[in-house]
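Visitor: What follows is a single structure, and I will ask about it in a moment.
The values are calculated or read from the model by the stated rules, or taken from the named source; none is laboratory data. Quick caveat, the model's predicted, so the values are computed rather than measured. Quick reminder, even Gly has a Cβ in these numbers, built from the backbone with ideal geometry, and neighbours come from all protein chains shown.
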Amino acid sequence: MTEMLRSAKLFGASNVVLSTNVPIRKDGLPYTGVRPPEDAGVALYWIDRKRQARVIACDQYSKVHENMRAIGLTLDALRSIERNGASQILERTIGAFAALPASTAPAKRTWRDVFGWSVLKQFDAALLDARYRELARERHPDTGGSNDAFIELTNAYEAAKAEIRGAS
């Protein structure tokens, strides 16, 4: 991990955030003696010298530390491009690490779409809670879902609860 973070610092990265499924302590270091996560993917987020948000993700390898090493080596390779004077190539390469523009995001679904309920579906708080628990088991990242799907579900649940409060 320290090699990857050293490479990021040498690359001019600031506000570096490392994202993995490794449980960490309050001081940011990983717990010792914890079973490695099934998903060994790693993402490194940072702000570059031009104040642009960047990210490199790697899930090529079966171990978290191997994916971190791959990211560190990639940053070193990018620094090599910069040192060799091919700044135009570097700018184009780094541009690929930017997030997609918001306009390419799919249209936001209503909470009823997320829950699979039509506008005619009658519900109360108990039915809503039961459906939320059912969908949460499917969509939580720890049970095969994704962060995005679980966040969408949680936001939909909050919107539905607000509708219940407004109706009463």
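Visitor: Give the range 1-20 a look and list any residue that's touching a residue at least 40 places away in the same chain (Cβ under 8 Å) and either outside any helix (DSSP H, G or I) or touching a Pro at 6+ places or on another chain (Cβ under 9 Å) (or both), or say none.
Guide: Met1, Phe11, Ala13, Leu18, Thr20
Visitor: Now for a different question. Consider Ile24 against the criteria (1) modelled with pLDDT under 80; (2) under 20 Å from Gly144 (Cβ atoms): it satisfies all of them except one. Which criterion is unmet?
Guide: So Ile24 meets the others, but not (2).
Visitor: Which residues, taken from the range 18-46, are in contact with a strand residue (DSSP E or B) (Cβ under 8 Å, 6 or more places away or on another chain) and exposed (fewer than 11 other Cβ atoms within 10 Å of the Cβ)? Walk me through it before giving the result.
Guide: Quick first cut of the range 18-46, residues in contact with a strand residue (DSSP E or B) (Cβ under 8 Å, 6 or more places away or on another chain) only: 18-20, 22-24, 30-31, 41-46.
Selection gives Pro23, Tyr31.
Visitor: Hey, another quick one. Can you tell me which residue is surrounded by the fewest Cβ atoms within 10 Å (Cβ to Cβ) among those in the range 116-150 that are basic (Lys, Arg) and over 17 Å from Lys161 (Cβ atoms)? Explain how you work it out, then say what you get.
Guide: Taking the range 116-150 and keeping what is basic (Lys, Arg), we get 121, 131, 133, 137, 139.
Retained after the next criterion (residues that are over 17 Å from Lys161 (Cβ atoms)): 137, 139.
Working: Arg137: 12, Arg139: 20.
Filtering first and then ranking leaves Arg137.
Visitor: So which of Ile94, Ile89 is under 26 Å from Gly41 (Cα atoms), among the β-branched types (Val, Ile, Thr) and either in a helix (DSSP H, G or I) or modelled with pLDDT of 85 or more (or both)? Don't jump to the end; show me each part of the working.
Guide: Numbers: Ile89 fails: under 26 Å from Gly41 (Cα atoms).
Answer to the selection: Ile94.
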